[in-house]
Amino acid sequence: MQTLLLISAESARANPGLAIGFGLLAAVAAQTGLAVVSSVRRLAQQRRQFALESERLAYEVRLAKSRWDQTEQEKSSWNGWRKFRVAEKLHECEDVFSFVLKPHDGKAIPAFKPGQYLTFGLDIPGRDKQVVRCYSLSSAPSDRDFYRVTIKKEKAPSDKPGVPPGVGSSFFADGVKDGDILNVKAPGGHFFLETEKQTPVVLISAGVGVTPVLSMAREIAAIGSERETWFFFVCRSRADHMLKAEVEQLAARCDNIRLHVCYSKPGPADVQGKDFHTAGRLTADVLKAVLPSSNYDYYMCGNGSFMKSMYEGLIGWGVPDAKIHYEAFGPATIKKTSDTPALSKAEAGGKVVNVTFGKSGKVVRWDPSLLNLLDFARANEVRIDSGCCAGSCGSCSVAVKEGEVEYLSKADPGEAGSCLTCVCRPKGDLVLDA
Ligand SMILES: Cc1cc2nc3c(=O)[nH]c(=O)nc-3n(C[C@H](O)[C@H](O)[C@H](O)COP(=O)(O)OP(=O)(O)OC[C@H]3O[C@@H](n4cnc5c(N)ncnc54)[C@H](O)[C@@H]3O)c2cc1C
């Protein structure tokens, strides 16, 4: 080649016409080369754009199909109790069981929103009254033909070892078995993820509080959503790391789901980097260290003190109140400014309001900083049964012997002569049959 060029250069020197010819040839070759490169680039870009566009279209189709299926399934919703068969009872970890439920009538079941719960009417041997309890769905709406709940058996509180363990959760753990039939109300609740959105989310849970946020993560994966998702979870150690394999598989399968696990008291055989990421409690400081910014929607569920400290940490980090969503399985511990109702007329007039718990023989001055009568009763060690804590299951209903109550926003008053203590507070002096 070199020899050829030398010969050509020499012939060009001898013949200027040939030199011009060579020059023109080189220019045409260079231009053709450039044109080829830019067409290849354009083609590659068009191919990339086409791939992105088809991915987007495929996602839209999946979303539309999922919405259509949901609308179809909503037609199969029901009022009151419906019988469900326990298709499978699974031991998840110490004191925690999952229950896969299928409709006894074999008909379709309605889709739900990830984060919602089921209400159970439990006929427990030896109890004259049905026990009503709520459990979040740990399956996803896309799991079309079954529901799944995951339940932790509540032990007696450590400061009261003599009292019996939780009635409903013990029944599930010790009494309910494969094939049993349970009374179930249709899915409900206001704590859920809007799946049509694409905004980045942080899902935070402690212990069995994982159930509603697992449903959210499962649905994000099932519909192929690419929204950035962080899944933070804390438990004591590997021994009570429930649904570990399932969550790890979700994170391994979906690039957009990132997992961070904290063990507050890792066991001697627990391996950091394999079983968990951080040793210690899950706090807002852990989120600050892991997340690239605070600009997310936060969905969290766990015990009272965990949620309170996480909420305060997030607010302290500058996260707007409206971006923090949560569900409490027990008494409310977070008080959002928007939750605090205006003082009742009696309170505003400076009048002391007394609540008498007739059966317990207690007369207590109402504390306006508490949101509802159920929390007030608990704070004063008066036991009132409870279920959904949202005014829908009716289990916290108590007869009003004297006085009146007022309901918090959007709550439906219960039967006449009684009140749903989880969503109301006294208007003035009150006597309750509790
Ligand atoms: C919307 C919602 C979703 C939920 N989702 C889930 C879920 O997915 N998984 C889950 O496991 N739970 C969930 N829960 C909690 C669940 O509904 C129950 O509250 C929980 O299982 C405890 O009910 P229990 O009948 O077992 O306990 P209860 O009988 O109500 O007892 C509660 C506690 O009180 C103690 N106790 C008993 N007697 C006394 C006494 N005399 N004095 C003081 N203490 C006493 C018991 O030992 C127990 O620790 C959810 C709750 C709500 C509101």
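The values are calculated or read from the model by the stated rules, or taken from the named source; none is laboratory data. These numbers were taken from a predicted model, which means no experiment stands behind them. Reconstructed Cβ throughout: ideal geometry from the backbone, glycine too, with neighbour counts over all protein chains shown.
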- Query: Would a scan of the range 147-157 turn up a residue that is within 23 Å of MET300 (Cβ to Cβ) and more than 11 Å from the ligand (Cβ to nearest atom)?
  - Reply: yes
- Task: Need at least 3 residues that are aliphatic (A, V, I, L, M) and crowded, with 16+ Cβ neighbours inside 10 Å per element, so show me which strands (runs of 3 or more DSSP E) inside the range 348-434 make the cut, counting only ones lying wholly within it.
- Result: 430-432
- Message: Just to confirm my filter: which helices (runs of 4 or more DSSP H) fall fully inside the range 165-262 and include at least 1 residues that are at pLDDT 95 or above and more than 30 Å from TRP78 (Cβ to Cβ)?
- Response: 244-253
- Query: Can you find a residue in the range 186-201 that is within 20 Å of PHE112 (Cβ to Cβ), within 16 Å of the ligand (Cβ to nearest atom), of a type in the set (Gly, Ala, Ser) and more than 14 Å from the chain's Cα centre (by Cα)?
  - Reply: yes
- Note on the structure: PRO157 fails exactly one of (1) closer than 19 Å to VAL208 by Cβ; (2) over 24 Å from the mean Cα position of the chain (by Cα); (3) not in a loop (DSSP other than H, G, I, E, B), namely (3)
- Message: Can you find a residue that is of a type in the set (D, E, K, R) and touching a residue at least 60 places away in the same chain (Cβ under 8 Å) anywhere in the range 210-220?
- Response: yes
- Being of a type outside the set (D, E, K, R) and under 21 Å from GLN116 (Cα atoms), is that true of even one residue in the range 269-279? no
- Residues that are without any contact (Cβ under 8 Å) to a residue 60 or more places away in the chain and surrounded by fewer than 22 Cβ atoms within 10 Å (Cβ to Cβ): which strands (runs of 3 or more DSSP E) entirely in the range 95-140 hold 1 or more of them? 96-103
- Task: Taking ASP285 as the residue in question, decide whether it is within 25 Å of HIS325 (Cβ to Cβ) and either of a type in the set (Asp, Glu) or not in a strand (DSSP E or B) (or both).
- Result: yes
- Item | Selection status of THR340, at pLDDT below 90, within 30 Å of LEU193 (Cα to Cα) and out of contact with any Lys or Arg (no Cβ under 9 Å at 6 or more places or on another chain) | yes
